[in-house]
Amino acid sequence: MIPSLRVVSGTLFYPRGGSAYVARALARGLAARETVDLTLLSGSRRDRGDLSDARAFYAGLDVHEVDFTRALATADPVGAPAPEPGTAPLQPSYEDRGGAVDRIFAGLDGAAYKEQVLAWSRELQAVDAGSADVLHLHHLTPLHEAAARVAPGVPVVTHLHGTELLMLEAIAAGELASPHAAAWRRRLCRWASDSERLIVAPGNRRRAMRLLGLERRRFADLPNGFDPVAFRPLEVNRRAVWRRVLVEAPRGWAPGEEPGSITYGEQVLDTIARGPVILFVGRFTSVKRLPLLLECFAAAKARMAGDATLILVGGHPGEWEGEHPADAIARLGLDDALLAGWHDQSELPELLAAADLLVLPSARESFGQVLVEAMACGVAPVAAASLGPAHIIDDGRTGWLFDIDDADALTRALVHAVDDGVERRRRAAAAEQEALERFTWPAVAGRLERILRSTATSVPDRADVPDSV
């Protein structure tokens, strides 16, 4: 009989973005296995509804919430002391979004770092992390430093999601002027070095090796997956779906305004009905290249034989980098590029079923979770050939790949995908089969358990010497 494996999984971040959905899916997959006893430790915000509240987002799991709401009421949310159990200073960010309350990690001084470590040390003690067989920590964060203090004998498996690598690349390129950037680079590299294994999405190993200075054997490749029950081809009333999402209960938002501040009338449904629907799903960060997508869509429209509509699903409320998509849409005069706002992952199968294409122009996409989900729903993907997408899409067979930031290539791909319905449907069918064969969450969770179990049972002697805080 296989002995039970006690896993404490942790993420410093409140639920938002793709990594939270991955953390949730992996935790559910592990918890469903009879051989795993899992506790999930997570940051949380109670002021933004269920999609940011860890208690609701991770419902059904043994979740220990660490609430940021008290910190948000202070003058310095990221560096505020957190004397109350179950609370912590607000998470920092890997992204340098000027004026954002969750300022970038690389901008935090030693005092703010100390408060982060102290709060998370207390929360790790609250879940008895020291008695775990293995810690499964998402991203490289002060949670690692806290683990070195609270559970120094417990091996750590770090799950890299790519955003921490983006910050390291920005530091290396001299793009972050903070005097604390070098210290944060050293911390991230040390936490990676102290981890027994590091999990990366396919296509990211060499990048991680270079940035973290570690050898190949320390890494394990693990793709993200999809729920084959939820993500599958569905028959939906397209007009009814888009009426609800865009007209009756709109969530699109303008810069500085609340969800629902962008609304559409009934006539927009006639526009959508005239041709294929192209969907983008994701956050409004600069790496996603949304202005490029909108400019290429405008160029493609002039060359398409028919009509098409571009619908942007996402943009975590209040968060964006660079030009906001609403401003780009206005600049380009696009009346058939629409903002649908942020939706939970559970809502995506229906939205994908009401679309014909999924486009992801990201310059550096660590994996591309939504590509796999779209493929599983029988929707052909169009994506930049960066990191994960290049390992997911077979160009010409299961979708379209174009060179990173190549506007002409993206424009051509959009024109071809929209105008050639037969080819679009052929690639969509092949994409669905590929997703079923390679990317289901049960299979991914099984692989993760094997990584965690092998790490827990074969830990070399290693002295843990955390730095002072």
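Looking only at the range 101-121, decide whether some residue is in contact with a strand residue (DSSP E or B) (Cβ under 6 Å, 6 or more places away or on another chain), assigned to a loop (DSSP other than H, G, I, E, B) and under 20 Å from GLY10 (Cα atoms). Yes: one or more hits.
For the range 155-175, name all the residues that are farther than 25 Å from GLY388 by Cα and crowded, with 21+ Cβ neighbours inside 10 Å. Reasoning before the result, please.
Here is the first cut: in the range 155-175, the ones farther than 25 Å from GLY388 by Cα are 155, 174.
Result: PRO155, single match.
Looking across the range 2-18, the residues that are at pLDDT below 90 and of a type outside the set (D, E, K, R) come down to ILE2, PRO3, GLY17, GLY18. The residue of the range 290-312 that is farthest from ALA273 (Cα to Cα), among those that are assigned to a loop (DSSP other than H, G, I, E, B) and touching a residue at least 40 places away in the same chain (Cβ under 8 Å), is ARG303.
The criterion of at least 1 residues that are among the hydrophobic types (A, V, I, L, M, F, W, C), closer than 22 Å to LEU41 by Cβ and not assigned by TED's automatic domain parsing to the domain that holds TYR94 is met by none of the strands (runs of 3 or more DSSP E) falling completely within the range 122-231.
For the range 361-406, enumerate the residues that are among the β-branched types (Val, Ile, Thr), within 21 Å of LEU292 (Cα to Cα) and crowded, with 24+ Cβ neighbours inside 10 Å.
Correct list: VAL370, VAL382, ILE393.
Note on the range 58-97: among residues that are at pLDDT 95 or above and of a type in the set (Phe, Trp, Tyr), the one that is surrounded by the most Cβ atoms within 10 Å (Cβ to Cβ) is PHE68. Residue pairs whose Cβ atoms lie under 9 Å apart, separated by 6 or more positions or on different chains, with the first residue in the range 269-288 and part of a strand (DSSP E or B) and the second of a type in the set (Asp, Glu) and surrounded by fewer than 24 Cβ atoms within 10 Å (Cβ to Cβ), are VAL277/ASP356; ILE278/ASP356; LEU279/ASP356.
Residue under question is VAL36, and the condition is that it be of a type in the set (A, V, I, L, M) and within 27 Å of ALA445 (Cβ to Cβ); does it hold? In short, yes.
Taking the conditions exactly as written (closer than 21 Å to GLY378 by Cα and part of a loop (DSSP other than H, G, I, E, B)), does VAL241 satisfy them or not? Here the answer is no, as VAL241 does not meet what is asked.
Of the helices (runs of 4 or more DSSP H) entirely within the range 372-463, those holding at least 1 residues that are among the aromatic types (Phe, Trp, Tyr) occupy 441-457. I'd like the residue in the range 336-350 that is part of a helix (DSSP H, G or I) and more than 13 Å from ARG244 (Cα to Cα) and, out of all such residues, is modelled with the lowest pLDDT. Ranking the qualifying residues of the range 336-350, first place goes to GLN345. Considered as a group, the residues in the range 322-335 that are outside any loop (DSSP other than H, G, I, E, B) and free of Cβ contacts under 8 Å to residues at least 60 places away in the same chain include one that is nearest to the chain's Cα centre (by Cα), and that residue is PRO325.
Evaluation of LEU140 against the conditions (1) in contact with a Cys (Cβ under 9 Å, 6 or more places away or on another chain); (2) surrounded by fewer than 20 Cβ atoms within 10 Å (Cβ to Cβ); (3) of a type outside the set (Asp, Glu) shows that the sole unmet condition is (2).
The rows are residues; the columns are (1) modelled with pLDDT of 95 or more; (2) crowded, with 19+ Cβ neighbours inside 10 Å; (3) within 23 Å of ALA354 (Cα to Cα).
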position: LEU279; (1), (2), (3): yes, yes, yes
position: ALA298; (1), (2), (3): yes, yes, yes
position: GLY306; (1), (2), (3): no, no, yes
position: THR309; (1), (2), (3): yes, yes, yes
position: GLY314; (1), (2), (3): no, yes, yes
position: ASP327; (1), (2), (3): yes, no, no
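Being closer than 27 Å to SER19 by Cβ and either outside the structural domain of ALA385 (by TED's automatic domain parsing) or in a loop (DSSP other than H, G, I, E, B) (or both) is a description that applies to PRO255.
Consider the range 193-217 and keep the residues that are over 20 Å from ALA173 (Cα atoms), over 18 Å from the mean Cα position of the chain (by Cα) and of a type outside the set (D, E, K, R). The one that is surrounded by the most Cβ atoms within 10 Å (Cβ to Cβ) is SER195.
The values are calculated or read from the model by the stated rules, or taken from the named source; none is laboratory data. Here the structure is a predicted model, which is why all the values come from computation and not from measurement. FYI the Cβ positions are ideal-geometry reconstructions off the backbone, even for glycines, and counts take in every protein chain you see.
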